[in-house]
Amino acid sequence: MASISPDNHGLRLVTRYAVLTLVAVIFVFPLLFMVMSSLKPDTQLLNDTSSLRAFLPVGDISLDNYAAAFERAPIGAFVLNSVLITGATVLLTLLVCSLAAFSFVFLDWSGKAVIFSILLATLIIPYETIFIPLLLMASQLPWIGGDGFEIGWLNTYRVQIIPFIADGLTIFLFVQFFRDLPRELIEASRVEGASWWLIYRRIVMPLSGPVIATAAILKFLFMYNQYLWPLMVVQDESIRPVMVGLGYFTDQLNVPWGEVMAYLTLITVPVLAFYLSLQRVFISSVASTGVKG
Amino acid sequence: MKLKLALITALGAFALGGAVSAQTELSLWYHGAGSANAEEALVNELVEEFNASQSDWVVSIETFPQLAYNDSVGAAALAGELPDILDVDGPVMPNWAWANYMQPLGIDEATLEGYLPGTIGRWDGVVYSVGLWDAAVAIMTRRSTLEAYDIRVPTLEEPWTGEEFTQALMTIRDSGDFEYPLDLGMAWTGEWYPYAFSPFLQSFGGDIVDRETYQTAEDVLNGDEAIAFAEWWQMLFEENLVPGTSQDAADRETGLVNGNYAMSWNGNWAALPVVEAFGEDALFLPAPDFGNGPTIGAGSWQFGISATSEHPEGARAFIEFALQDRWFTAFSDGTGLLPPTASAAAETENYAEGGALEVFYELSDEQALVRPVTPGYIVQARIFESMLADIANGADIFDELDAAVDEISRDIERNSGYGH
């Protein structure tokens, strides 16, 4: 029987770390390039792209691009809008979709299988294909708010949130996860007289951390990256999200690349913060369900 | 007495309130959100001055990033939410007029006499929009460069012929002193292609679409002249006379000034850095003549009135207010673009007699040709861009020209002739 000598073990360790470092570098370099480029004037930034200098804080380094970016666009408002729209959609999605999934998995009602099949079928329809009818509908929908009764949802936060709350993918993720929960727990609770709402709130949801994290991250990324829909339904600058704001940095021909990189760096911060805050749960979710973000 | 005073005060307040509410709000959409130059500030200044100049209308401005502007207008038109005053790119205007996004401008055409051709937007013989500025393209280079290779300096009266131009490029290439003799700006995509390169095709005698009928591209985009153009275009890349479609944006920005390129085909918006770098050695040359006259593109952003505006008279009043030499001069000085009238040009920093960019006004006046005035242009422009890129990358020119003609003709047919 062959044994692993200390030398072999060391070699394997070195190889493993080398490969992992290489993979990490591949993933980190785009971010590094973005941050470093945001600190350089355009001419230097563009000249550096052909060498490793692109990833290093060398040359004429300053925060000028950030100052210029803040002058060019109301970045704070865009980020706040995106965080608000995304945050509200994520929370409402988690609530609505988990309730729908709970119903599909634990409640008995007629037509459940058919409706679930239809729901799954919606996964193959890209949002972009329904945007025009959705736009026409949104422009005619009634609303009762602070200003009383009104017609039309355009130019509001709600038109950027409500159409995206319920979605087939999130319901599917919850259904898959709920199906793996021990049925005995639910049945025992029912025998003890617990209501469905209590079971949902006290038993099912507390056990669903991984799928909540997965669904939240997927929805967060989808909503934070929204471009076409807000572009179609929002004309008021004060409620525009970050991705539409990116357009402030390009015109027909010239692009201030340093400012673009500064803007991208700034709008990436909430995404990274959100991801890192859920990273541990997300990884355990990937490990346990095989769902990839 | 107190009661009388209170009544007078109340009446006064009511009258004042009445006066304020008598002002009707007009909405204006503008494409330049985030533009680093002075254009956006000047548009705001224009609006403020208009609002202060009269008591009937109040214009409120909503700015959009250019990248998203046309799509936002399209979506708003679908939803019935168009503003009163629209900012529209010259070549796109016929599409918006045809699609009923816009209504005729309705101003006295005598007002527009003497304007540069690219600043007036006409569709179906009717004026729909008017611009406060235009742009022009030229060959930028250095006098010393041409002299070093014994190349004639062309003039407006006697531009380079096609052969002279090509020979000049080959002479410079053979010297080995430059990475490429000419930079066409292949790093820029989108509207740059039809704006900057279709004039070469037109100078050969071809065009993107048949301007007599606007019903087909047959013969104009795949006829003998277009084939000659396509062969010349492909030769530029095969002979390493110009950088290809993979050109780096950085090289486009700095290649001429850094000495990588001997010449650059670029617009007046990029001219001041060249003047700064080369001083009196800087040259801005007219487009070469490939047999059918030298031509450059024309048509920039303009103002028009939306079809759904309930107050076209107010929108018209605003646009008429903007059509003053003092605004043309202010925009030109602020942005570096061309003013639409000679009288305004004479008052500007750059286009007045002896100004650093004076030649661009003459170029625009003499050589400008607006892009095809048809609603189908927005589709034709994309097809033309793709065709040029493919030919530059070595595709078969006959296949490319025929395919583009078919695609353009099919699109025209699908849209029932686009109302021509």
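The values are calculated or read from the model by the stated rules, or taken from the named source; none is laboratory data. Worth saying up front: this structure is predicted, and the values here are computed from it rather than measured. So basically every Cβ, Gly included, is an ideal-geometry build from the backbone, and we count neighbours across all protein chains shown.
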field: Residue among B:ARG414, B:ARG371 that alone is crowded, with 19+ Cβ neighbours inside 10 Å and of a type in the set (Lys, Arg)
entry: B:ARG371
query: Out of segment B:172-192, which residues are within 15 Å of B:SER144 (Cα to Cα) and either within 13 Å of chain A (Cβ to nearest Cβ) or surrounded by fewer than 16 Cβ atoms within 10 Å (Cβ to Cβ) (or both)?
result: B:SER175, B:ASP177
message: Among the residues in segment A:76-87, are any closer than 30 Å to B:ALA33 by Cα and over 29 Å from the mean Cα position of the chain (by Cα)?
response: no
- prompt: Does A:PHE149 count as touching a strand residue (DSSP E or B) at 6+ places or on another chain (Cβ under 8 Å) and more than 14 Å from chain B (Cβ to nearest Cβ)?
  reply: yes
query: assigned to a helix (DSSP H, G or I) and either surrounded by fewer than 15 Cβ atoms within 10 Å (Cβ to Cβ) or in contact (Cβ under 8 Å) with a residue 40 or more places away in the chain (or both) - does that describe any residue in segment B:53-64?
result: yes
- request: Residue by residue through segment B:268-314, note down the ones that are assigned by TED's automatic domain parsing to the domain that holds B:MET93, assigned to a helix (DSSP H, G or I) and either touching a residue at least 12 places away in the same chain (Cβ under 8 Å) or not charged (D, E, K, R) (or both).
  value: B:PRO312, B:GLY314
message: Given the condition closer than 16 Å to B:TRP269 by Cα, crowded, with 19+ Cβ neighbours inside 10 Å, modelled with pLDDT of 95 or more and of a type in the set (S, T, N, Q), answer yes or no: does some residue in segment B:329-342 qualify?
response: yes
- prompt: Where in segment A:33-130 are there helices (runs of 4 or more DSSP H), lying wholly inside it, with at least 2 residues that are within 14 Å of chain B (Cβ to nearest Cβ), surrounded by 13 or more Cβ atoms within 10 Å (Cβ to Cβ) and hydrophobic (A, V, I, L, M, F, W, C)?
  reply: A:42-48, A:64-72, A:75-106
Members of segment B:218-260 found to be among the small types (Gly, Ala, Ser) and either within 14 Å of chain A (Cβ to nearest Cβ) or surrounded by 21 or more Cβ atoms within 10 Å (Cβ to Cβ) (or both), listed by number: B:ALA226, B:ALA230, B:SER246, B:ALA249, B:ALA250, B:GLY255, B:GLY259
message: Let me spell it out: the conditions are (1) crowded, with 17+ Cβ neighbours inside 10 Å; (2) at pLDDT below 95, and A:ILE199 meets all of them except one. Which number is the exception?
response: (2)
message: Restricting to segment A:215-274, name every residue that is within 14 Å of another protein chain (Cβ to nearest Cβ), crowded, with 21+ Cβ neighbours inside 10 Å and in contact with a Leu (Cβ under 7 Å, 6 or more places away or on another chain).
response: A:MET232, A:VAL233, A:VAL244, A:GLY247, A:TRP257, A:GLY258, A:TYR263
- prompt: Yes or no: B:TYR128 touching a helix residue (DSSP H, G or I) at 6+ places or on another chain (Cβ under 7 Å), among the hydroxyl-bearing types (Ser, Thr, Tyr), under 25 Å from B:SER364 (Cβ atoms) and assigned to a strand (DSSP E or B)?
  reply: yes
query: Out of all the residues in segment B:324-340, is one or more within 17 Å of the chain's Cα centre (by Cα), of a type in the set (A, V, I, L, M), under 24 Å from B:PRO117 (Cα atoms) and outside the structural domain of B:VAL126 (by TED's automatic domain parsing)?
result: no
Failed item in (1) within 14 Å of chain A (Cβ to nearest Cβ); (2) modelled with pLDDT of 95 or more, with B:SER203 passing the rest: (1)
query: Could you count how many residues in segment B:373-420 are at negative phi and either free of Cβ contacts under 8 Å to residues at least 60 places away in the same chain or hydroxyl-bearing (Ser, Thr, Tyr) (or both)?
result: 20
- prompt: Looking only at segment B:93-117, which residues are modelled with pLDDT of 95 or more and either in a strand (DSSP E or B) or β-branched (Val, Ile, Thr) (or both)?
  reply: B:MET102, B:GLN103
field: Out of A:LEU134, A:LEU154, sole residue that is under 19 Å from B:ALA75 (Cβ atoms), within 14 Å of chain B (Cβ to nearest Cβ) and assigned to a helix (DSSP H, G or I)
entry: A:LEU134
Residue identified as surrounded by fewer than 20 Cβ atoms within 10 Å (Cβ to Cβ), under 30 Å from B:VAL405 (Cβ atoms) and more than 14 Å from chain A (Cβ to nearest Cβ) among B:GLU157, B:GLU212: B:GLU212
task: Within segment B:80-122, count every residue that is of a type in the set (Gly, Ala, Ser) and crowded, with 20+ Cβ neighbours inside 10 Å.
output: 4
